[in-house]
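> Before I ask anything, here is the structure I am working with.
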Amino acid sequence: MVNETLLSVMLPSGNQSIYSVQPHILIDRPGSTLNQRAIEYGQQMAHALAGRWYLPGGWAEITDKKTLALIDRCPHAMAPRKTR
């Protein structure tokens, strides 16, 4: 069984989304960011609009408190910081 990681990503539209990614996606690769790799190779689990979360592929709102708490704890897929 593969352990997947949930990541909060910023879509090109500027909206936030949650993606499930496999461990090999987390490895830093020159020329791409973790945010880009999550969108390209991961599976969308939820998307946000106007502060509300929805299931992927539609507009069924997520209202379950445990699921929303899990979404809130997802790490953000940020570009690595440059070091001096």
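> Hey, can you tell me all the residues within region 1-37 that are touching a Ser or Thr at 6+ places or on another chain (Cβ under 9 Å) and among the small types (Gly, Ala, Ser)?
Of region 1-37, the ones touching a Ser or Thr at 6+ places or on another chain (Cβ under 9 Å) are 4-11, 16-23, 25-26.
Within region 1-37, Ser8, Ser17, Ser20 qualify.
> On to the next question. Within region 39-48, is even one residue at pLDDT 90 or above and in contact with a His (Cβ under 6 Å, 6 or more places away or on another chain)? Give the derivation first.
Pass one, region 39-48, residues at pLDDT 90 or above: 39-48.
Now narrow it down to the ones that are in contact with a His (Cβ under 6 Å, 6 or more places away or on another chain): none.
Looking for residues that are at pLDDT 90 or above and in contact with a His (Cβ under 6 Å, 6 or more places away or on another chain), one finds none in region 39-48, hence no.
> Here is a check on your reading of the model: is Tyr19 within 11 Å of the chain's Cα centre (by Cα), aromatic (Phe, Trp, Tyr), modelled with pLDDT of 90 or more and on the phi < 0 side of the Ramachandran plot? Let's see the steps before the verdict.
Values: within 11 Å of the chain's Cα centre (by Cα): yes; aromatic (Phe, Trp, Tyr): yes; modelled with pLDDT of 90 or more: yes; on the phi < 0 side of the Ramachandran plot: yes.
When the stated conditions are applied, Tyr19 passes them.
> Here's another thing I want to ask about it. If the Cβ limit is 9 Å and pairs must be 6+ apart or interchain, which residue in region 52-65 that is over 15 Å from Ser20 (Cα atoms) and in contact (Cβ under 8 Å) with a residue 24 or more places away in the chain pairs with which residue that is of a type in the set (Lys, Arg) and surrounded by 10 or more Cβ atoms within 10 Å (Cβ to Cβ)?
Qualifying pairs under 9 Å: none.
> Looking only at region 13-29, which residues are part of a loop (DSSP other than H, G, I, E, B) and free of Cβ contacts under 8 Å to residues at least 24 places away in the same chain? Don't jump to the end; show me each part of the working.
First pass over region 13-29, keeping only residues part of a loop (DSSP other than H, G, I, E, B): 13-15, 22, 27-29.
Of everything in region 13-29, those that are part of a loop (DSSP other than H, G, I, E, B) and free of Cβ contacts under 8 Å to residues at least 24 places away in the same chain turn out to be Ser13, Gly14, Gln22, Ile27, Arg29.
> Please go through region 36-49 and give me each residue that is touching a residue at least 12 places away in the same chain (Cβ under 8 Å) and surrounded by fewer than 20 Cβ atoms within 10 Å (Cβ to Cβ), ordered by number.
Ile39, Tyr41, Gln43, Gln44, Ala48, Leu49, listed by residue number.
> A follow-up question, please. Just checking, does region 30-53 include any residue being among the charged types (D, E, K, R) and assigned to a loop (DSSP other than H, G, I, E, B)? Can you show your working first?
Within region 30-53, the first condition is being among the charged types (D, E, K, R), and the residues that meet it are 37, 40, 52.
With assigned to a loop (DSSP other than H, G, I, E, B) added as a condition, the list becomes none.
No.
> Still on this structure, please answer the following. Would you point out which residue out of Ser8, Ser32, Ser17 is among the hydroxyl-bearing types (Ser, Thr, Tyr) and surrounded by fewer than 15 Cβ atoms within 10 Å (Cβ to Cβ)?
Values: Ser8 fails: surrounded by fewer than 15 Cβ atoms within 10 Å (Cβ to Cβ); Ser17 fails: surrounded by fewer than 15 Cβ atoms within 10 Å (Cβ to Cβ).
Answer to the check: Ser32.
The values are calculated or read from the model by the stated rules, or taken from the named source; none is laboratory data. In this text, all values refer to a predicted model and were calculated from it rather than measured experimentally. All Cβ positions, glycine included, derive from the backbone under ideal geometry; neighbour counts span all protein chains shown.
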